[in-house]
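Engineer: Take a look at this one; I'll ask things after.
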Amino acid sequence: MSFSALRNPLRNTARRATQLPKAQFRANFNRKFSTPPPPPAAEAKSSSTGLYLGLGAAAAAGLGYYFYYTTSGKEAGTAVRSAAQAAKVKANFVPAKEDYIKVYNRIAQILDDAGEYDDGSYGPVLVRLAWHASGTYDKESKTGGSNYATMRFDPEAGHGANAGLKVARDLMEKVKEEFPWISYGDLWTLGGVAALQEMAGPKIPWRPGRIDGFAAQATPDGRLPDATQSADHLRNIFYRMGFNDQEIVALSGAHALGRCHRDRSGFEGPWTFSPTTVTNDYYRLLFDEKWVWKRWDGPKQLEDKKTKSLMMLPTDYVLVQDKSFKKYAKAYAESQDVWFKDFSKAVSTLFELGVPEEQFVTKEPWILPTVEEQAEKKD
């Protein structure tokens, strides 16, 4: 493979949307590392030249993994990329923080290139990609999580919970072509971080170190939440990942973003009036609106009685029915700052699930500046 194409290639100020009626805002198992875990690396420094020097050896190593694991050309390419990532970490030929900021900025730049897609932003679907790529983790078997980016492979790519995410994966593939040195797991989770921060959300601590895996490491179906289920189901799913009740409720607030699609999940509609801005409206609406069961031919979901333009899923509504969940949801409805703090911590943890500590290229996660903050610094 050729690495001669390696090159170092904004989004406008994040805006906080006002609450609008729907019509207006729509118009406007056997776990083994694919490469041996590298020793802890020191804080990375910019090393583009050294990076190129290490890629030839990494490619050769990747071919060895190819013959060991598979006879598929697609997985051969994955093996080369995976070995390259591990070689960079082991040899300390690791891109610096500034290099990852360039990737962040490219993602931020394309968030609003969505045209007529959904509500005019790719942000929500990028958050969903990062979430679903990470939320497959099983703390007992230590499988799943963001480390191997196995949603690239069937059957995981086709799991019902991942319906519609090809849009996000294809979008990230364009970024991957510009920055071929970044692993898919790092790219997808960084995409989630960029989307959340650029949509006026809290800062999400993040660090690189994920490596690309193989189809054999893809996770079984059923590890992600089923929106038709009860509080017990949510606990089973999130406890399996290592989260508690407070973190379950905090992470549920991501439903402030985006909407459901009839042709994907079967559900239809947005949760809030501002689906491209991170706010605590999801919690406020749960308490402030009167929710009734929607009369239609689709799966059970609720709609707000007043406008019938918003929806909540059964797993959303349990947050105000379950005693333990309710106290956290109420706190988040009353204070966006409290939710931002807890959400930031929980999302950072979520995006690191399944990644061995020794793979990370820095001990402490980074706080990456938004595009607006970078511009202000230059001024």
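The values are calculated or read from the model by the stated rules, or taken from the named source; none is laboratory data. Every value quoted in this text rests on a predicted model; they were computed, and no experiment measured them. Heads up, the Cβs are rebuilt from the backbone with ideal geometry, glycines too, and the neighbour counts pull from every protein chain shown.
Engineer: For the range 231-265, which positions are out of contact with any Ser or Thr (no Cβ under 9 Å at 6 or more places or on another chain) and not in a helix (DSSP H, G or I)?
Structural biologist: Passing the criteria: Asn244, Arg259, Cys260, His261, Arg262, Asp263, Arg264, Ser265.
Engineer: Kindly indicate whether any position in the range 146-167 is part of a loop (DSSP other than H, G, I, E, B), of a type in the set (A, V, I, L, M, F, W, C) and out of contact with any helix residue (DSSP H, G or I) (no Cβ under 7 Å at 6 or more places or on another chain). Break it down stepwise before answering.
Structural biologist: First, the residues of the range 146-167 that are part of a loop (DSSP other than H, G, I, E, B): 146-149, 153-155, 159, 163-165.
With the extra rule that they be of a type in the set (A, V, I, L, M, F, W, C), the set shrinks to 149, 153, 163, 165.
Then keep just the ones that are out of contact with any helix residue (DSSP H, G or I) (no Cβ under 7 Å at 6 or more places or on another chain); that gives 163.
Checked against the condition, which is being part of a loop (DSSP other than H, G, I, E, B), of a type in the set (A, V, I, L, M, F, W, C) and out of contact with any helix residue (DSSP H, G or I) (no Cβ under 7 Å at 6 or more places or on another chain), the range 146-167 yields at least one hit.
Engineer: Among the residues of the range 244-258, how many are surrounded by 23 or more Cβ atoms within 10 Å (Cβ to Cβ) and either β-branched (Val, Ile, Thr) or more than 19 Å from Leu285 (Cβ to Cβ) (or both)?
Structural biologist: 2
Engineer: Could you figure out which of (1) loosely packed, with under 13 Cβ neighbours inside 10 Å; (2) modelled with pLDDT under 95 isn't true of Thr362?
Structural biologist: (1)
Engineer: Sticking with this structure for a sec: Please work out which residue is surrounded by the most Cβ atoms within 10 Å (Cβ to Cβ), limiting yourself to the range 296-310 and to residues that are more than 17 Å from Thr228 (Cβ to Cβ) and basic (Lys, Arg).
Structural biologist: Within the range 296-310, the match that is surrounded by the most Cβ atoms within 10 Å (Cβ to Cβ) is Lys308.
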